[in-house]
Amino acid sequence: MPTIRDGRRADLDQIVERWVELMAAHAELHPELYRPASHGRGTYRTYLRERIDGPQSAVVVAEADGQIVGYVVGGAGLRAPFFEVREVGMVYDLGVTPLWRRRGVARALVCALLDKFRAWELPHAQVSYSPDNPMAAAFWPEQGFAPFLMEAYKPLD
Ligand SMILES: CC(C)(COP(=O)(O)OP(=O)(O)OC[C@H]1O[C@@H](n2cnc3c(N)ncnc32)[C@H](O)[C@@H]1OP(=O)(O)O)[C@@H](O)C(=O)NCCC(=O)NCCS
């Protein structure tokens, strides 16, 4: 089993490679809405660095033999101001490199992230995933996440 630890700035290049794999998996589902912008890698790297450095924000990685084989990004996010429950723990990205899948790596990553949410006293965790993504659609319910809202798109001419 890989080591699960907090991501560091030195990991950024490898995490971006995992993100490229994540994007490839998503592009198969919906090429138009998931096509990365030409500046995508650099922009994502900056986003990751801010998540590593920021308060109530986390990048957790799985490391095996010096390689980052999976990662999860999350942080505290705000719901609308008229709700009593305003702050929730949001899971933004999760990816495990294909050779390491189905070995419990994502489960261990999410477990570590949810422990951080608990330490930050966030009462709920939230994730968005495509119901058309068979990996995500199998994984998240197994972690105890139940559908609540559906995000819908309509192409406009
Ligand atoms: C989704 C993903 C992160 C899961 O990572 P993983 O390390 O393989 O997941 P785990 O091994 O921790 O799986 C835990 C459980 O989730 C379920 N599960 C995970 N992947 C599954 C799959 N492809 N098919 C069916 N069930 C699956 C199983 O119940 C599994 O337990 P089991 O192996 O004991 O049966 C990985 O497939 C991935 O990176 N996919 C591409 C990117 C992606 O879809 N990310 C999620 C976006 S929200």
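Taking the conditions exactly as written (touching a Lys or Arg at 6+ places or on another chain (Cβ under 7 Å), part of a helix (DSSP H, G or I) and more than 24 Å from VAL88 (Cα to Cα)), does VAL16 satisfy them or not? It is true that VAL16 is touching a Lys or Arg at 6+ places or on another chain (Cβ under 7 Å), part of a helix (DSSP H, G or I) and more than 24 Å from VAL88 (Cα to Cα). ASN133 meets each of the listed conditions (1) farther than 24 Å from ARG86 by Cβ; (2) within 15 Å of the ligand (Cβ to nearest atom); (3) without any contact (Cβ under 8 Å) to a residue 40 or more places away in the chain apart from (3). The single condition among (1) crowded, with 19+ Cβ neighbours inside 10 Å; (2) touching a residue at least 40 places away in the same chain (Cβ under 8 Å); (3) within 11 Å of the ligand (Cβ to nearest atom) that GLY104 does not meet is (1). Looking across region 91-116, the residues that are outside any helix (DSSP H, G or I) and in contact with a helix residue (DSSP H, G or I) (Cβ under 9 Å, 6 or more places away or on another chain) come down to VAL91, TYR92, ASP93, LEU94, GLY95, VAL96, THR97, ARG101. Within region 1-37, the set of residues being at pLDDT below 95 and over 24 Å from ASN133 (Cα atoms) comprises MET1 only. Listed by first and then second residue, the pairs with beta-carbon distance under 6 Å, at least 6 apart or on different chains, first residue in region 27-55 and surrounded by 14 or more Cβ atoms within 10 Å (Cβ to Cβ), second of a type in the set (Lys, Arg), form an empty list.
Exactly one residue out of LEU78, LEU114 is at pLDDT 95 or above, more than 8 Å from the ligand (Cβ to nearest atom) and over 15 Å from the mean Cα position of the chain (by Cα): that is LEU78.
The set of residues in region 117-130 being assigned to a loop (DSSP other than H, G, I, E, B) and either within 11 Å of the ligand (Cβ to nearest atom) or in contact (Cβ under 8 Å) with a residue 40 or more places away in the chain (or both) consists of TRP120, LEU122, SER128, TYR129, SER130.
The values are calculated or read from the model by the stated rules, or taken from the named source; none is laboratory data. Just so we're clear, the structure is a prediction, and the values are computed from it rather than from any experiment. For neighbour counting, all protein chains shown are included, and Cβ atoms are generated from backbone atoms with ideal geometry for every residue, glycine included.
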